[in-house]
Amino acid sequence: MAFSNEPGPGPAPDDAPGRVLVVDDDPTVSEVVAGYLERAGFTVQRAADGPAALEAAARYRPDLVVLDLMLPGMDGLEVCRRLRADGDTTRPVPVVMLTARGDEEERILGLEVGADDYVTKPFSPRELVLRVRSVLRRASAAVTGDERRLAAAGLTVDPAARRATKDGAELALTLREFDLLVYLLRHVGQVCDRERLMREVWGWDFGDLSTVTVHVRRLRSKIEEDPADPRLIRTVWGAGYRFEAGPYVADGTGGVGTGGVGTGVGTGAGQVDGRG
């Protein structure tokens with residue numbers, strides 16, 4: 001059995017309804033997961049294999065996909081890749097992947113192809129609902145606090161529109177990659193350990209820290225000139241990561257000039273020492 005028996009959570013008052021696509025070839029698991037999500041206030045569609053999942057995603061346009069890794073024929077990794085390749089690159093559909101306990105390599109692969117979160121089997125349906133809520137909350141919540149555009153090192157990020165560019169070209173970032181980039185740009189020059197990033201970006205007080213490592217690696221692959229020799233997201237051994245802006249700064253209009261890092265209103269956040 002891939003889940004534990006327990007009472008289903010009711011809908012949270014601050015959660016807007018969402019459309020969730022559940023993809024699992026085990027009809028019992030699929031039915032139970034769908035039932036818990038429906039009782040939590042979500043509208044749910046189901047698919048039993050990869051091709052059906054892609055067809056349903058194109059027709060149904062879900063707000064989130066719960067995706068089993070082990071599917072017949074086309075596995076969950078390939079489904080996730082195709083969802084990323086075929087979907088809206090500025091607002092990709094979040095994916096929560098279901099993986100077998102102990103399959104760390106497969107969980108990492110899932111994160112590397114773009115999954116936003118994962119739950120290991122056997123799992124608690126209540127935990128899955130909470131994870132779905134957490135991912136959707138971050139995907140759909142209105143941006144609060146400082147909504148000004150951020151710019152550094154050729155990067156321009158608009159938190160309100162959830163759009164990011166590198167040297168003017170649109171970046172295809174997942175939900176977590178975008179949030180991670182925003183957080184690093186707002187804390188230029190600061191060393192951020194993985195526990196802090198997990199807490200502030202993922203909203204978790206505990207969890208598998210390899211999730212952070214994989215997302216940093218994926219983000220580097222999209223923003224660094226040479227991901228094997230990163231100049232922007234530097235590893236501070238034994239401490240965490242530090243974003244170094246280099247000689248770029250916002251020019252007051254959201255563009256990039258020289259000097260440090262700033263926002264779209266021209267206020268700088270200071271120089272970075274440039275050491276790795």
_Which listed residue, of 70, 74, is among the aliphatic types (A, V, I, L, M), over 27 Å from residue 162 (Cα atoms) and in contact with a Gly (Cβ under 6 Å, 6 or more places away or on another chain)_ = 74
*Hits in the range 80-112 (condition: crowded, with 19+ Cβ neighbours inside 10 Å, part of a loop (DSSP other than H, G, I, E, B) and modelled with pLDDT under 80)*: 92
*asked:* For the range 158-178: of the residues being among the hydrophobic types (A, V, I, L, M, F, W, C), out of contact with any Leu (no Cβ under 9 Å at 6 or more places or on another chain) and outside any helix (DSSP H, G or I), which is surrounded by the most Cβ atoms within 10 Å (Cβ to Cβ)?
replied: 172
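Give the residues of the range 221-233 that are buried (at least 17 other Cβ atoms within 10 Å of the Cβ) and not in a helix (DSSP H, G or I), sorted by residue number.
230, 232, 233
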*Under the condition of being part of a helix (DSSP H, G or I), touching a helix residue (DSSP H, G or I) at 6+ places or on another chain (Cβ under 9 Å) and free of Cβ contacts under 8 Å to residues at least 40 places away in the same chain, which residue from the range 203-220 is most open to solvent (accessible area, probe 1.4 Å)?*
213
_Filter pass, residue 32 being buried (at least 17 other Cβ atoms within 10 Å of the Cβ), modelled with pLDDT of 85 or more, under 22 Å from the mean Cα position of the chain (by Cα) and on the phi < 0 side of the Ramachandran plot_ = no
*Which pairs have Cβ atoms under 6 Å, sit 6 or more apart or on different chains, and link a residue in the range 70-86 that is within 17 Å of residue 58 (Cα to Cα) to one that is buried (at least 16 other Cβ atoms within 10 Å of the Cβ) and charged (D, E, K, R)?*
76/68
*So residue 45 clears everything in (1) open to solvent by less than 20 Å² (accessible area, probe 1.4 Å); (2) in a strand (DSSP E or B) except one condition, right? Which one?*
(1)
*Just give me the residues in the range 179-198 being open to solvent by less than 10 Å² (accessible area, probe 1.4 Å) and not aliphatic (A, V, I, L, M), in sequence order.*
192
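If I go through the range 61-72 residue by residue, how many of them are surrounded by fewer than 17 Cβ atoms within 10 Å (Cβ to Cβ) and more than 14 Å from residue 26 (Cα to Cα)?
Of the residues in that region, 1 qualify.
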*Matching residues in the range 184-203 - criterion: being among the β-branched types (Val, Ile, Thr) and over 17 Å from the mean Cα position of the chain (by Cα)*: 188, 191
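The values are calculated or read from the model by the stated rules, or taken from the named source; none is laboratory data. Computed from a predicted structure; not experimentally measured. Every residue, glycine among them, receives a Cβ derived from its backbone with ideal geometry; neighbour counts consider all protein chains shown. Just the protein is used for accessible areas: all its heavy atoms, side chains included, with ligands, DNA and RNA removed. Shrake-Rupley method; radii C 1.70, N 1.55, O 1.52, S 1.80 Å.
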